[in-house]
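S.K.: This is the structure I have questions about; it appears just below.
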Amino acid sequence: MREGAGGKPARAEAAGDAAAKKRACKLFLIKCNPKNFDRIGYGNIKDLILFYSKTTTPIWNEPREKYTEKDFEKLFPKKDKQGRRYATVPIHAPGETENGKSSQPFKGILPPKGRHWRVNIETLEQWDKEGLIEWSSTGNPRKIIFADEREGKRVQDIWEYKDPQYPTYPTEKNADMLDLIVRTSSNENSIVLDCFCGSGTTLKSAQINNRKWIGIDQSEHAIKATIDKLGTIEGNLFVAKPDYQFIELTDTFSNCQQKLNTNKQEVLI
Ligand SMILES: C[S@@+](CC[C@H](N)C(=O)[O-])C[C@H]1O[C@@H](n2cnc3c(N)ncnc32)[C@H](O)[C@@H]1O
């Protein structure tokens with residue numbers, strides 16, 4: 001994962017992997033703090049993150065977002081006698097099944113033409129017994145879905161995160177945003193690599209979420225900011241205090257390249 005500049009899918013191209021490029025199809029539009037531009041034009045409050053994966057089965061821990069009060073009112077407009085918010089959904093779906101259980105009558109009613117019951121008749125009977133079916137005044141049954149039983153809503157591809165108000169590093173990113181990315185796209189003990197780690201926001205996120213991590217940056221200021229940030233992790237029963245090795249590469253890039261041509265071992269250390 002890398003922040004995009006200009007939104008071009010340059011990362012996948014750089015990787016030279018045509019398949020990865022093909023999968024680099026998800027653009028996340030991030031709303032951030034307005035930039036102080038003098039130019040004539042609309043304000044610029046968005047950043048782009050390019051999401052792509054080398055495989056077709058990347059780690060994906062489906063994230064869920066809490067419903068807001070407004071979401072509850074909109075999505076679960078009804079209340080039962082106890083004040084529990086709920087919505088109702090049809091109990092039939094498109095398509096007919098021939099001689100199947102999902103086309104049998106339920107309480108003497110057949111599914112509408114061209115549709116079948118979403119579940120078998122026994123389940124419908126059970127739902128009805130448990131009061132989970134709402135019958136309309138015209139005798140139309142619908143399934144009750146309670147708001148407080150939902151896990152939360154699916155995270156969408158427009159995010160609103162503010163960059164820190166008092167950054168410890170000029171381009172420091174929002175820690176909650178990195179937490180979301182790290183938790184969604186890695187598992188405990190996965191290795192998270194941030195080759196442009198800046199102030200180490202991703203690394204801190206990886207550490208507090210029990211991932212292993214590697215961070216790289218060419219700037220001394222960034223390295224100091226990263227060490228400081230990692231130092232703020234107290235460590236407790238669930239999160240280990242960072243225990244890492246700091247490797248300083250003193251060689252210039254061209255020296256490394258030269259060594260690579262002559263002695264691979266030395267450069268790979
Ligand atoms: C946008 S900042 C990363 C900010 C980071 N996500 C944070 O929250 O603090 C990008 C970083 O990439 C580093 N960088 C740029 N080119 C680099 C290179 N070729 N090798 C290593 N680091 C590089 C810069 O020094 C800078 O710290």
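S.K.: Among the residues of the stretch 58-84, how many are surrounded by 11 or more Cβ atoms within 10 Å (Cβ to Cβ), within 20 Å of residue 157 (Cβ to Cβ) and among the acidic types (Asp, Glu)?
M.R.: Count: 2.
S.K.: Anything in the stretch 204-216 that is under 23 Å from residue 249 (Cβ atoms) and part of a helix (DSSP H, G or I)? List them, or say none.
M.R.: Matches in the stretch 204-216: 204, 206, 207.
S.K.: Here's a follow-up. Please enumerate the residues belonging to the stretch 37-57 that are of a type outside the set (Phe, Trp, Tyr) and loosely packed, with under 11 Cβ neighbours inside 10 Å.
M.R.: Scanning the stretch 37-57 gives 38, 39, 40, 41, 43, 55, 56, 57.
S.K.: Mind listing whichever residues of the stretch 107-151 are polar (S, T, N, Q) and surrounded by 10 or more Cβ atoms within 10 Å (Cβ to Cβ)?
M.R.: 120, 123, 126, 140
S.K.: A follow-up question, please. So, in the stretch 160-194, exactly how many residues are of a type in the set (Asp, Glu), without any contact (Cβ under 8 Å) to a residue 40 or more places away in the chain and either touching a Lys or Arg at 6+ places or on another chain (Cβ under 6 Å) or farther than 20 Å from residue 65 by Cβ (or both)?
M.R.: Qualifying residue count for the region: 2.
S.K.: Only one of 231, 235, 215 is in contact with a strand residue (DSSP E or B) (Cβ under 7 Å, 6 or more places away or on another chain), modelled with pLDDT of 75 or more and small (Gly, Ala, Ser); which?
M.R.: Selected residue: 215, the only one of 231, 235, 215 that is in contact with a strand residue (DSSP E or B) (Cβ under 7 Å, 6 or more places away or on another chain), modelled with pLDDT of 75 or more and small (Gly, Ala, Ser).
The values are calculated or read from the model by the stated rules, or taken from the named source; none is laboratory data. As the structure is a prediction and not an experimental result, all values here were calculated from the model. Note that we place each Cβ from the backbone using ideal geometry, even for glycine, and neighbour counts take in every protein chain shown.
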